[in-house]
Amino acid sequence: MSQWRVGDVSITRVIEIENAFRGTWLLPDATPEAVREVAWLRPLYAEEQGRLRMSAHSLVVRSGGLTILVDTGIGNDKDRPDVPGWHQRRGSFLTDLAAAGFPRESIDRVVCTHLHADHVGWNTMLERGSWIPTFPNARYLMGRVEFDHWTSRHDREDMEAVLADSVTPVWEAALVDLVETDHRICDEISLVPTLGHTPGHVSVRITSQGEEALITGDFMHHPCQIAKPDWSSTADNDPSEAQRTRERMLTGLSDAPILVIGTHFAGRTAGHVVRDGGAFRLAV
Ligand SMILES: [Zn+2]
């Protein structure tokens, strides 16, 4: 577990999975050789041989009286045959979340940065054969554009499964609020549109007492994309828009003292983007 403070706001990381793998699975340009050329990635974010370290975690943001869970990971018992590490998991996430001080009943808001399988998984849990909302006292905030996009197309079997087991049950329980990409959750927390990875993708901005942080979501997946903003992910819906978003966001982040908290950054999950030659690096 890691924790950060931004003014009066606390952010706590609860890890679901951490692992290392050959990066080309997700980022076709991230061959071991290309990764090793970016020396600052080792040892925190890449192994000596050039495999990428990554994490799936949720972030619990405490602001004022609100407890906000940003992204809900992969979940247990989900049928995800395309990704063996995600298929029919029996992980300890809910126990770990409670041990961090956040039993599931304590969550007031769930924010889904987008609706991919590894961001909505714990929206629901399996109880006596049915998917029920994991966080019964929460409003689940989902982007209107994102929701409309995935619920109006039916050409991706994998997303049909994700909607059926992780989105529709909370919708049918009337716990979903569809929000705009720049929605303000409370004085200190708001959404920021970071489109391209998905059509309605958002990041989460935290501002308090003159300090600022940004939870990335998946506009970048790994710190190597800070050095190489043109490295697109196989999961990017619109790769050229995703690249423009990374370049715009990294330029803005490098010009200001903003703590960047990576949604899939392993180990040292947070740092500051600084200029590095013609590109950027993450200073931790
Ligand atoms: Zn993701």
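The values are calculated or read from the model by the stated rules, or taken from the named source; none is laboratory data. What you see is a predicted model; the values in this text were computed from it and never measured. Cβ atoms come from the backbone with ideal geometry, glycine included; neighbour counts cover every protein chain shown. Side chains included, ligands, DNA and RNA excluded: accessible areas come from the protein's heavy atoms. Shrake-Rupley method; radii C 1.70, N 1.55, O 1.52, S 1.80 Å.
Considering the conditions (1) open to solvent by 10 Å² or more (accessible area, probe 1.4 Å); (2) closer than 20 Å to S203 by Cβ, E146 is excluded by exactly one of them, (1). Scanning region 76-123 for residues that are farther than 17 Å from A161 by Cα and acidic (D, E), we see that the one that is nearest to the ligand (Cβ to nearest atom) is D96.
Quick check: anything in region 4-14 touching a Cys at 6+ places or on another chain (Cβ under 7 Å) and either surrounded by fewer than 16 Cβ atoms within 10 Å (Cβ to Cβ) or under 23 Å from D82 (Cα atoms) (or both)? The answer is no; no qualifying residue exists.
Is it the case that region 218-229 has a residue that's of a type in the set (G, A, S), open to solvent by less than 50 Å² (accessible area, probe 1.4 Å), within 16 Å of the ligand (Cβ to nearest atom) and modelled with pLDDT of 95 or more? No; the residues of region 218-229 include none that is of a type in the set (G, A, S), open to solvent by less than 50 Å² (accessible area, probe 1.4 Å), within 16 Å of the ligand (Cβ to nearest atom) and modelled with pLDDT of 95 or more.
Within region 186-217, being under 23 Å from W122 (Cβ atoms), of a type outside the set (S, T, Y) and surrounded by 21 or more Cβ atoms within 10 Å (Cβ to Cβ) holds for I189, L191, H197, G200, H201, V202, V204, I206, A213, L214, I215, G217. Annotation: of all residues in region 149-175 being aliphatic (A, V, I, L, M) and under 20 Å from the mean Cα position of the chain (by Cα), the one that is most open to solvent (accessible area, probe 1.4 Å) is A161. Give the residue that is most open to solvent (accessible area, probe 1.4 Å), with candidates limited to residues of region 28-57 that are among the acidic types (D, E) and within 17 Å of G267 (Cβ to Cβ). By that ranking, first place goes to E48. Pairs are defined by a Cβ separation below 6 Å, a sequence spacing of at least 6 or placement on different chains, a first member in region 107-129 that is over 15 Å from D79 (Cβ atoms) and touching a residue at least 12 places away in the same chain (Cβ under 8 Å), and a second member that is open to solvent by 30 Å² or more (accessible area, probe 1.4 Å) and away from the ligand (no atom under 14 Å from the Cβ); the pairs so defined are D108/L66; R109/R139. Looking only at region 21-44, filter to residues that are in contact with a strand residue (DSSP E or B) (Cβ under 7 Å, 6 or more places away or on another chain), hydrophobic (A, V, I, L, M, F, W, C) and in contact (Cβ under 8 Å) with a residue 40 or more places away in the chain; which one of those is nearest to E211 (Cα to Cα)? Among those that are in contact with a strand residue (DSSP E or B) (Cβ under 7 Å, 6 or more places away or on another chain), hydrophobic (A, V, I, L, M, F, W, C) and in contact (Cβ under 8 Å) with a residue 40 or more places away in the chain, it is W40. Being surrounded by 20 or more Cβ atoms within 10 Å (Cβ to Cβ) and among the hydrophobic types (A, V, I, L, M, F, W, C) holds for only one residue in A98, A138, and it is A138.
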